[in-house]
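Here's the structure, in structure tokens; my notes come after.
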Amino acid sequence: MKMVSLKLYEELAAEADELSDKLNISRNRFINDAVVAYSKTVRREILAKEMEAAAAAIKMSSREVIDEFDALDDEAI
């Protein structure tokens, strides 16, 4: 396990201590779990934005294909 040094606001450190005591886990474990949970949240947000961008690109591409087919239909008439 890699050792990392960090500074916490007094209130945040006190809350981490209080909650880790209530959960009967070490403060280190509590902070590790918090980082894991936050990382998952951030990854989901990034993935959602990437999916929105991909959906928009597909929508634009689909619109272009439909317009091309419409133009071919108009030429056939």
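Rule-based calculations on the coordinates, nothing more; no lab input. Here the structure is a predicted model, which is why all the values come from computation and not from measurement. Ideal geometry is used to build each Cβ from the backbone, glycine not excepted, and the neighbour counts take in all protein chains shown.
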To the nearest 10 degrees, the tilt of helix 27-76 (Cα long axis) against the first principal axis of the alpha carbons of the chain is 0 degrees
Note: residue 52 to residue 9 extended length (0.36 nm per residue) minus current alpha-carbon separation gives 11.9 nm
Taking the dipole of the chain about the Cα centre (Lys, Arg +1; Asp, Glu -1; charges at Cβ), the one of 36, 1, 51 that reaches farthest to the positive side is 1
The answer for the per residue Cα convex hull volume of the stretch 1-48, in Å³, is 101 Å³
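Determine the calculated [θ] at 222 nm for the chain from helices alone, applying -39500 (n - 2.57) to every DSSP H run no shorter than 4 residues and normalising by the residue count; nearest 500 deg cm²/dmol. Walk me through the intermediate numbers first.
Details: 2 runs with 64 residues, N = 77.
Calculated at 222 nm, the ellipticity per residue is -30000 deg cm²/dmol.
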Taking Cα atoms only, helix 10-23 is inclined relative to the longest principal axis of the chain by an angle, in degrees rounded to 10, of 80 degrees
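Relative to the Cα centre, what is the charge dipole magnitude of the chain, using +1 at the beta carbon of each Lys and Arg, -1 at the beta carbon of each Asp and Glu, and rounding to the nearest 20 debye? Display every interim value, and only then the final one.
Details: 11 positive and 17 negative charges, 194 e Å.
My answer is approximately 940 debye.
Pairs of lysines 8 or more apart, or on different chains, with alpha carbons under 25 Å: count those in the chain, would you?
Close lysine pairs found across the chain: 6.
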